[in-house]
Structure formats: structure tokens, C-alpha cells
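One structure is given here, and the rest of the page talks about it.
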Amino acid sequence: MNAAVTWLHTSPLTGLLLTLLAYRLAVSVNRRCRGNPLSNSVLVAVLLVVAALQIGGIRYDEYMQGARFIHLLLGPATVALAIPLYDNLARLKRAGGALALTLFGGGLIGIVSGTVLGRAMGLPRQAVLSLMPRSVTTPIAMGVAESIGGIPALAAALVILTGIVGAVMVRPLLYRFGLKDDRVLGFATGIAAHGVGTARAFQLSETAGAFAGLAMGLNGLLTPVLVPMLVGWLVA
């Protein structure tokens, strides 16, 4: 029994199979709930993985020995978003000016709001710095957080949490204000909830997904520029 437990904790297959199984179950739950935002696949999968790690007594670094193989696919998956962007290129060009203003405003608010909230709650300096890039994809957020003195692992966790909350809240919030245009929905989701929100946007429509992918990519370029410029002012 001890040998089996040791193998379970140290084998890369544990993290890999656990991640795939949790996500497969999460997709089934989401379908049964007819796409309800609260049954978001990423949220459910994260909860299942956390529960399994707690029950099995598996440390995060042991889990990541296998989960890192899936993490490596994040880059190619992001690049693949260029396909729907190309298909909607004409629509993107027509809305170029409005999208640029929205991108700058949304990216700036994402940085400032997280920082101000963290300081108001009395979080340590490193935690506040880790909050600043929370609205971009995980690899970018980790790099930005490390460069300004934050904690990359904490930044990654905050990115995932932000994406889940954004994917759940963006559509109901916009619909409440009567904003049902797929372009608006997609672009707002991409800025606020990066890859998790983009995946949710593609479930709604290809147009929403394309605009979300564009926003996610552009915000990934804007945030590493804005954060170093604002860090000295926001985090004294």
C-alpha cells in the first residue's frame, strides 16, 4: 500500500490523468446545466482537481509533474486563435477605432482596480504586485509579476481566478445593461477574462470568440507595457 501511495504521488501520470478526467467531467456537468455560467467547465474542473489533491494528500509540485504537459499546450492554443480572427478580419477593421479605445481603457482599469483593491485590503506588497497583471494570460502574467517583484505562482492563481469570475459574470452583466452585440460581448470578455473568457465566448458564437481572442492578444501586449509604467505610482 505504501508503495502504491508513493507511486501515486510521484508519477507524472497522476497529474496528467487527473487533469484530463476532471475537465471531462466538468464538460459533462456544463452540458447537463445547459451552459449555465455557474457551471463553467474551468471552474468545475479546478474544484475537482483541488478536492482530489486534498483527499489524496498530493502536493502541488507533485501534481504539476504531469499537469505541465497540458500547460505546454497553452501557447499553441493561444496562437490557434488567429484562425477565427482572420475569418472576421473585415469586421475587425471596421471597428478598429472603438476597439483601440476600449482596449486601452479596459486594460488600464484592470491594472488599477486590482492594485487599489489589494492595497485597500491591506495585502502585502508582493501580493499587490502579483495582482497587477491578473487580466492577461498565465505565461505573460507570471513574467510581468516576476519582473516587478511579485510572486509568479500567486500571479498564475490570480489569473485563473480572474478568468473564471469574468467568464461567469461578463455575459449576465452586459445583458443587464442591454448590450447583446457579440462583438461587444467578446471584446469585453477577452479583456477582462483572457483565455478562460475567450473559451466561454466561443461557446456563445464564433464572432464573440474572435473578438475575445483579439482582445486577449492585444491586452497581452498592452499590459506588460503599462504595468512597469504604473507600478511606481500605484505601489509606493
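General observations
- Highest-fluctuation residue, GLU62, GLU146, GLU206 considered, GNM on the chain with Cα pairs under 10 Å: GLU62
- Rounded to the nearest 20 debye, dipole of region 78-234 from Cβ charges on Lys, Arg, Asp, Glu: 300 debye
- Normalised by the number of residues in region 78-234, the average gap of Cα pairs under 8 Å and 6 or more apart makes the relative contact order 26 percent.
- For region 2-72, alpha-carbon Rg over 2.2 N^0.38 Å: 1.18
- Gaussian network model of the chain, springs between alpha carbon atoms under 10 Å - residue of GLY166, GLY114, GLY220 with greatest fluctuation: GLY114
- Build a GNM of the chain with springs between Cα atoms under 10 Å apart, and of ARG24, ARG134, ARG176 the one that fluctuates most is ARG176.
- Shape class of region 52-141 from the alpha-carbon gyration tensor: oblate, with a/c at 1.5 or above and b/c at least as large as a/b.
- For the chain, with +1 on Lys and Arg beta carbons and -1 on Asp and Glu, the positive-most of PHE202, MET142, CYS33 along the dipole: CYS33
- Using just its DSSP H runs of length 4 or more, each adding -39500 (n - 2.57), the chain gives a mean residue ellipticity at 222 nm of -27000 deg cm²/dmol after division by all residues.
- In the set (1) 23; (2) 32; (3) 18, the label that goes with percent of Cα pairs over 29 Å apart computed for this structure is (2).
- Top positive-direction residue, dipole computed over the chain with Cβ charges, set GLY57, ILE160, PHE177: PHE177
- Net charge dipole size for region 2-72 [Lys, Arg +1 and Asp, Glu -1 on Cβ; Debye, nearest 20]: 360 debye
- Span-like helix ranges in the chain, DSSP H, alpha carbon extent 20 angstrom or more, Kyte mean at least -0.5: 12-32, 41-56, 96-120, 152-176, 206-234
Each value in this text was obtained by applying a stated rule to the coordinates, not by laboratory testing. None of the values given here were measured: they were computed from a predicted structure. Note: ideal-geometry Cβ built from the backbone for every residue, glycine included; neighbour counts use all protein chains shown.
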